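The values are calculated or read from the model by the stated rules, or taken from the named source; none is laboratory data. A quick note: this is a predicted structure, and the numbers were derived from the prediction, not measured. Neighbour counts are summed over all protein chains in view; Cβ atoms, including those assigned to glycine, are modelled from backbone coordinates with ideal geometry. Areas reflect the complete protein model, heavy atoms only, side chains present, ligands, DNA and RNA absent. Shrake-Rupley method; radii C 1.70, N 1.55, O 1.52, S 1.80 Å.
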Amino acid sequence: MPEKDSQHLLDRLAEIEDPRKEKGKRHPLHSLLALIIIGFMSGHKGYTSTAKWARSQPDLIQALGWTHKTSPCPATIHNVLKVLEADVVEKTWTNWVEDVCKCRSDLEGCLDVVAIDGPTMCVSKKCGAAISHLLSVVSHELGVTLTQQGVSGKTNEIPVSTEILKAFDVSGKVITTDALLTQKTFCQAIIAGNRDYVLPVKNNQPELYDDIQKLFQDVPNTLSEDATHPPLGDPIYMHETVEKSHGRLETRCLKASTSLNEHLDWPGIAQVFQCRYTYKNLNTGEETTKVQYGITSLTPEAASAERLLQIRRGHWSIENKSHWIRDTQLGEDASPVRCGAIPQVMAALRNAALAVLRFAGVTRIADKIKYYASKPLLAVNLITECF
């Protein structure tokens, strides 16, 4: 039996209750799930190719704790995954990630800001899966998914967003989302849980959007340090960054104000802000400008304009750190699985594979996957390591 406080992923997988009957059970559940994770870490994007590959890896099978001579075939893995409860797998996974982060002093503060976003498994959706859209909670800094919940085709992210806050401990953390979840009920749930938010505002909240837009329309693009808002006299907090990359000059400027706090009927609001992005093509000289607005429950003392700009930029970085890797390197977007909870269970195992690599300090995921393809036993060492 695994130790209760073990940080070994393989031990934690053994805590998942096996729904199968004892009769005819040849393959331990935790070894089967671990095999899929190792498959992802070795370049296999589904359980079918993993099962076929495992038949030629006797040392790998033995290292994962199998006593049977042969590893399971694709049909066996399919039948096991189909009867698993996705929520149980997600909870086990979530607890492991949180415990690892608590025990690692070098990860202190890495979960202070998390993004809630929802990737869609396109091929699973086309194949008619009941759950093909997932609402995920991802660490800005690590790019590790902390938990996720399925969104059925009969609803959308808004009602699921308040439920996912109950799935993990985000007390004292800052939450970012896209504009769809900028809703009063969601913000109220965040504040009630001793959390904070930094959210964009678009036309799905027209009154809020218009109020913020009007506040900043008379504010000049350049401000002195002691600048105040012309009509209200409240201070304007500003931070600007300029970066050159990929043949263009990117200027990002965030202005924040407390002027609307007493006028807006919105839970926990402490500042509103404007983000102005200017992109200049260094070859043609052409410039494009994009302006976005937002709200936050963080006071100017808790989050300066510089910090707010970092947080907003961090929200979109999860596309590169998590979603893009899950789609291109781990095969999530192209996965055709559709039966029962298999799409969500497989997504959870992809998250596990990515987290193991992140916790091991891997930054070049594609290169490491190629490395483990020829040395899968080294990947086994990672999931049996006490991070």
Test D226 against the stated conditions and say whether it is modelled with pLDDT under 95, within 19 Å of N261 (Cα to Cα), among the acidic types (D, E) and loosely packed, with under 12 Cβ neighbours inside 10 Å. no
Do we find that V198 is among the aliphatic types (A, V, I, L, M), modelled with pLDDT of 90 or more and surrounded by 15 or more Cβ atoms within 10 Å (Cβ to Cβ) in this structure? yes
So which of T177, T155 ends up being surrounded by fewer than 22 Cβ atoms within 10 Å (Cβ to Cβ) and either modelled with pLDDT of 90 or more or of a type in the set (V, I, T) (or both)? T155
Filtering region 306-322 for residues that are modelled with pLDDT under 85 and crowded, with 21+ Cβ neighbours inside 10 Å leaves a count of 1
Residues in region 275-298: is at least one in contact (Cβ under 8 Å) with a residue 12 or more places away in the chain, under 24 Å from K173 (Cβ atoms) and open to solvent by 80 Å² or more (accessible area, probe 1.4 Å)? no
Would you pick out the residues in region 55-92 that are β-branched (V, I, T), open to solvent by 50 Å² or more (accessible area, probe 1.4 Å) and either farther than 17 Å from A14 by Cα or in contact with a Leu (Cβ under 9 Å, 6 or more places away or on another chain) (or both)? T70
Check on G340, in contact with a helix residue (DSSP H, G or I) (Cβ under 6 Å, 6 or more places away or on another chain) and open to solvent by 30 Å² or more (accessible area, probe 1.4 Å): yes
Filter pass, I38 being aliphatic (A, V, I, L, M) and over 15 Å from N351 (Cβ atoms): no
The condition of being in contact (Cβ under 8 Å) with a residue 40 or more places away in the chain and touching a strand residue (DSSP E or B) at 6+ places or on another chain (Cβ under 9 Å) holds, among A355, A270, A379, A334, only for A355
All conditions in (1) outside any loop (DSSP other than H, G, I, E, B); (2) over 26 Å from the mean Cα position of the chain (by Cα); (3) among the hydrophobic types (A, V, I, L, M, F, W, C) are true of L264 except (1)
Any chance K45 is open to solvent by 20 Å² or more (accessible area, probe 1.4 Å) and either in contact with a strand residue (DSSP E or B) (Cβ under 6 Å, 6 or more places away or on another chain) or over 30 Å from V137 (Cα atoms) (or both): no
Checking G340 against (1) on the phi < 0 side of the Ramachandran plot; (2) assigned to a loop (DSSP other than H, G, I, E, B), which test does it fail? (1)
Have a look at A353, A303 and point out the one that is open to solvent by less than 10 Å² (accessible area, probe 1.4 Å), of a type outside the set (F, W, Y) and in a loop (DSSP other than H, G, I, E, B). A303
If you go through region 139-186, how many residues are closer than 23 Å to Q292 by Cβ, in a helix (DSSP H, G or I) and either of a type in the set (S, T, Y) or in contact with a strand residue (DSSP E or B) (Cβ under 6 Å, 6 or more places away or on another chain) (or both)? 4
Tell me which of these L135 doesn't satisfy, since it passes every other one: (1) over 22 Å from T384 (Cα atoms); (2) at pLDDT 90 or above. (2)
Single residue of region 201-221 satisfying the filter (open to solvent by 90 Å² or more (accessible area, probe 1.4 Å) and more than 21 Å from T162 (Cα to Cα)) that is modelled with the lowest pLDDT: D218
Here's a check for you: in region 57-105, which residue that is part of a helix (DSSP H, G or I) and of a type in the set (S, T, Y) is farthest from V356 (Cα to Cα)? T76
